[in-house]
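The structure appears below as structure tokens.
The values are calculated or read from the model by the stated rules, or taken from the named source; none is laboratory data. These numbers were taken from a predicted model, which means no experiment stands behind them. Counting neighbours? That spans all protein chains shown, and the Cβs are built from the backbone with ideal geometry, glycine included. Note: areas computed on protein heavy atoms with side chains; ligands, DNA, RNA excluded. Shrake-Rupley method; radii C 1.70, N 1.55, O 1.52, S 1.80 Å.
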Amino acid sequence: MPATDTLKEKLGADAVAASEFRDNKRAVVPAAELYAALEALKSGGFDLLVDITAVDYLHYPDAKDRFGLVYLLTNTSTGERITVKTLLNEPDLNVPTAYGLWKGADWMEREVFDMYGIAFDGHPDLRRILMPEGFVGYPLRKDYPLRGYGERHNFAPLTRAEG
């Protein structure tokens, strides 16, 4: 059974917006159903979490939602791939962690948190992974200034020997 059909069966046909282009399958699910969707796909053979990323749709033409949270999954037995997306808006930028399903979600979720400010409830160690602990803001958001907020001057420069 195709992955999108599995999701429609588990969550209901109205809860899943599925599409396919060539062999690329995509499903958009509500944030409240995200964990159930990921769990269904994991039990359906999608054993590899390839990536988790986010998209900021600020200033995107006709966008109704601010953020898209994107999961790329692969079934290593069949080679089937699926992209699962959920849409989020401020102030509710929280979703359940996928760490219990795929341990590899650990650093991926931390990166999305660090760059976009999307929090993963239940994550065992949700803290910055790329930016320094004292950093304020989320650099990949479209409303983040290109030259930053002047925070470069708050951190001591690292020499090549220290890096």
## Note on the structure
Exception for Leu69 within (1) touching a Phe, Trp or Tyr at 6+ places or on another chain (Cβ under 8 Å); (2) buried (at least 17 other Cβ atoms within 10 Å of the Cβ) falls at (1)
### Task
Consider Ile118 carefully, then state whether it is farther than 20 Å from Gly68 by Cα and of a type in the set (Val, Ile, Thr).
no
### Query
Quick one: how many residues across segment 129-140 are open to solvent by 30 Å² or more (accessible area, probe 1.4 Å) and closer than 22 Å to Arg66 by Cα?
4
#### Entry: Boolean, Leu11 is modelled with pLDDT of 95 or more, under 24 Å from Gly100 (Cα atoms) and of a type in the set (A, V, I, L, M, F, W, C)
no
### Message
I'm checking my understanding of the structure. Among residues of segment 81-108 that are touching a helix residue (DSSP H, G or I) at 6+ places or on another chain (Cβ under 7 Å), outside any loop (DSSP other than H, G, I, E, B) and open to solvent by less than 40 Å² (accessible area, probe 1.4 Å), which one is farthest from Val50 (Cα to Cα)?
### Response
Leu88
### Query
Could you count how many residues in segment 8-52 are touching a residue at least 60 places away in the same chain (Cβ under 8 Å), of a type in the set (A, V, I, L, M, F, W, C) and out of contact with any Ser or Thr (no Cβ under 6 Å at 6 or more places or on another chain)?
2
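Per-residue answers, yes or no, for (1) modelled with pLDDT under 95; (2) more than 30 Å from Ala40 (Cβ to Cβ); (3) β-branched (Val, Ile, Thr); (4) open to solvent by less than 20 Å² (accessible area, probe 1.4 Å):
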position	(1), (2), (3), (4)
Asp65	no, no, no, no
Tyr149	yes, yes, no, no
Phe155	yes, yes, no, no
Thr159	yes, yes, yes, no
#### Entry: Hey, Ala17 over 12 Å from Leu73 (Cβ atoms), small (Gly, Ala, Ser) and out of contact with any Leu (no Cβ under 9 Å at 6 or more places or on another chain) or not
yes
### Long-range neighbours under 8 Å by Cβ, at least six apart or interchain, first residue over 17 Å from Met131 (Cβ atoms) within segment 100-113, second aliphatic (A, V, I, L, M)
Leu101/Leu38; Leu101/Leu49; Trp102/Leu48; Trp102/Leu49; Gly104/Leu49; Ala105/Leu49; Ala105/Ile52; Ala105/Ala98
### Query
Across segment 20-56, which residue is modelled with the highest pLDDT among those that are under 30 Å from Asp143 (Cα atoms) and in contact with a Lys or Arg (Cβ under 6 Å, 6 or more places away or on another chain)?
Asp56
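Does any residue of segment 62-71 turn out to be part of a strand (DSSP E or B), of a type in the set (Val, Ile, Thr) and under 11 Å from the mean Cα position of the chain (by Cα)?
Scanning segment 62-71 turns up at least one residue that is part of a strand (DSSP E or B), of a type in the set (Val, Ile, Thr) and under 11 Å from the mean Cα position of the chain (by Cα).
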### Number of positions in segment 53-84 that are under 21 Å from Arg110 (Cβ atoms) and either without any contact (Cβ under 8 Å) to a residue 24 or more places away in the chain or not polar (S, T, N, Q) (or both)
12
